[in-house]
């Protein structure tokens, strides 16, 4: 498929949110074969919940925390508190999970490069 070569605008559709097996809710904001370089998803973790340990093969991921308070575990890094404005950078193949430690939803953007593809998703045990 030919890469995107013209400007576009995608409208946010909160009703498209779905529960992902990892343990969070996802709205795909931008994930298209027409733009293989990047994908952007809005992730939401409910209070008291923790996502499964997982990794992405051949894909860099960044969490941009938008709301809430959580703690993130990435590879061999110490467990780290995260809040609005923090950015977590996760290299390919590195195990990760995030917990919501607050009373409100933990909301973050998950930005992947190249774009997220389910075939690269691995549950870690």
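Any read-out appearing in this document is the output of simple, stated calculations on the displayed coordinates, not a laboratory observation. Keep in mind that this is a model prediction, so the values were computed, not measured. Backbone-built Cβ (ideal geometry, glycine too); neighbour counts: all protein chains shown.
Overall size of region 62-125 from C-alpha positions, given as principal axis extents largest first: 33, 23, 16 Å. Placing dummy labels 7 Å off each Cα toward the beta-carbon, the span from residue 71 to residue 53 is 1.6 nm. The relative contact order of the chain, computed from alpha carbon pairs under 8 Å that lie at least 6 residues apart in sequence, is 31 percent. Expressed as a fraction of 2.2 N^0.38 Å, the value expected for a compact globular protein of N residues, the C-alpha radius of gyration of region 17-91 is 1.13.
Taking the square roots of 5 times each eigenvalue of the Cα gyration tensor of the chain, largest first, gives ellipsoid semi-axes of 24, 17, 13 Å.
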